[in-house]
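Following: one structure in structure tokens, then a few remarks.
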């Protein structure tokens with residue numbers, strides 16, 4: 001679909017990036033900051049994480065709906081609890097996804113996350129998105145507003161909450177700290193930035209990562 005630009009310049013391939021809605025703010029920030037007009041973001045609802053078995057088919061449906069509009073499609077979903085089923089779909093569709101089991105891993109980068117998890121397996125993680133929507137997704141989503149007695153059942157084996165911060169936002173840090181207090185967990189903040197997500201989006205845009 002891409003055509004030659006002025007003086008024989010070849011335009012970058014028109015690319016669709018299908019992503020989890022929890023990543024929308026970060027990916028849009030990268031697209032807008034770099035002026036990547038050839039890169040389009042199409043997000044599926046973040047609430048699919050409550051039913052991860054539905055993610056593979058939802059991604060397949062979106063790929064097939066929009067394949068004819070783009071030169072290529074890439075997927076900004078980790079495995080996200082699909083137990084390899086998303087990878088099977090993407091192999092059948094010939095589409096690449098970001099590497100990793102979940103967003104905590106690709107934000108922190110795999111080696112850092114693995115070391116952090118090995119250091120304290122009983123860790124509950126938040127990202128900017130989860131810190132922003134903690135009340136909706138965790139408290140109300142898990143029914144803790146209606147059944148607070150379930151808190152020990154859900155979080156009794158956790159010892160700390162680690163906030164993997166994509167940005168330096170004091171309000172989000174305080175929200176994450178309050179979330180740790182709500183769950184009775186020790187609080188720790190680690191500034192990750194966009195980690196491997198940025199590298200993946202740069203590659204989707206057809207750009208070279210800065211040395």
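Which residues, taken from region 151-185, are farther than 20 Å from residue 135 by Cβ and exposed (fewer than 13 other Cβ atoms within 10 Å of the Cβ)?
156, 157, 168
Can you go through 128, 79 and tell me which one is in the same structural domain as residue 169 (by TED's automatic domain parsing) and under 28 Å from residue 155 (Cα atoms)?
128
Of the residues 118, 114, 153, which single one is in a helix (DSSP H, G or I), farther than 28 Å from residue 195 by Cα and not assigned by TED's automatic domain parsing to the domain that holds residue 51?
153
Evaluate the following for residue 17: is it part of a helix (DSSP H, G or I), under 13 Å from the mean Cα position of the chain (by Cα) and either under 30 Å from residue 131 (Cβ atoms) or assigned by TED's automatic domain parsing to the domain that holds residue 142 (or both)?
Here the answer is no, as residue 17 does not meet what is asked.
Working only within region 168-211, note down all residues that are in contact with a helix residue (DSSP H, G or I) (Cβ under 6 Å, 6 or more places away or on another chain), under 17 Å from residue 125 (Cα atoms) and assigned to a loop (DSSP other than H, G, I, E, B).
192, 194
Cβ-Cβ distance below 6 Å, separation of 6 or more or different chains: which pairs start in region 61-86 with a residue that is more than 17 Å from residue 20 (Cα to Cα) and end on one that is modelled with pLDDT under 95?
Matching pairs, first to second residue: 71/1; 71/2; 71/13; 72/13.
The values are calculated or read from the model by the stated rules, or taken from the named source; none is laboratory data. Nothing here was measured: the structure is a model prediction, and the numbers come from that model. For neighbour counting, all protein chains shown are included, and Cβ atoms are generated from backbone atoms with ideal geometry for every residue, glycine included.
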